[in-house]
Ligand SMILES: Cc1cc2nc3c(=O)[nH]c(=O)nc-3n(C[C@H](O)[C@H](O)[C@H](O)COP(=O)(O)O)c2cc1C
């Protein structure tokens, strides 16, 4: 299992040039290219994001856009999971965040968004301690190993 954090990484927005469909790779030379190559080869993708205005964080959205070169390739992953945190605790808080990721997954025919693990009520560092979502994520990881 490989953990890739985008928090401190600098990568550009997709510019929509669609050159990746012709070339098979992204013309923007930054760290996103390496991350996307790892996504291609992974058996399972697990995205983690805070809920930002009822969607994914900008870092994750940009990474999903930059993964456009994977479309129509022989990518390996078939299962996708989402882990999200938010200040609010209601189940519907994460609905449109899940929908944003579902929209990406739907473009990859062999892949399914299997589950979203949601940790609500997390509005400051450390507040996630004891959250039931941690146990859920732990058991899920064990079950897919
Ligand atoms: C720009 C921004 C937008 C946010 N939007 C929401 C939101 O729509 N709903 C919500 O419940 N929490 C929202 N939050 C709170 C974060 O989702 C929450 O604090 C999360 O647990 C932070 O995760 P982190 O500590 O991993 O950054 C927002 C926070 C920021 C900074």
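The values are calculated or read from the model by the stated rules, or taken from the named source; none is laboratory data. Remember, it's a predicted structure, so these values are computed and weren't measured experimentally. Neighbour counts are summed over all protein chains in view; Cβ atoms, including those assigned to glycine, are modelled from backbone coordinates with ideal geometry.
Being free of Cβ contacts under 8 Å to residues at least 12 places away in the same chain and in contact with a strand residue (DSSP E or B) (Cβ under 9 Å, 6 or more places away or on another chain) is true for just one of 59, 79, 102. Which residue is that? Walk me through how you get there before you give the answer.
On the way: 59 fails: free of Cβ contacts under 8 Å to residues at least 12 places away in the same chain; 79 fails: free of Cβ contacts under 8 Å to residues at least 12 places away in the same chain.
Only one candidate qualifies: 102.
When you scan the stretch 64-75, do you find a residue that is within 28 Å of residue 30 (Cβ to Cβ), at pLDDT 95 or above, more than 16 Å from the chain's Cα centre (by Cα) and in a loop (DSSP other than H, G, I, E, B), even just one? The answer is yes, given that some residue of the stretch 64-75 is within 28 Å of residue 30 (Cβ to Cβ), at pLDDT 95 or above, more than 16 Å from the chain's Cα centre (by Cα) and in a loop (DSSP other than H, G, I, E, B).
For residue 17, the conditions (1) farther than 27 Å from residue 125 by Cβ; (2) surrounded by 14 or more Cβ atoms within 10 Å (Cβ to Cβ) are fulfilled apart from (2).
I'd like to know if the stretch 81-89 contains one or more residues that are in contact with a helix residue (DSSP H, G or I) (Cβ under 8 Å, 6 or more places away or on another chain) and part of a loop (DSSP other than H, G, I, E, B). Yes, the conditions are met somewhere in the stretch 81-89.
None of 86, 133, 67, 42 is closer than 24 Å to residue 9 by Cα, crowded, with 16+ Cβ neighbours inside 10 Å, within 12 Å of the ligand (Cβ to nearest atom) and free of Cβ contacts under 8 Å to residues at least 60 places away in the same chain except 86.
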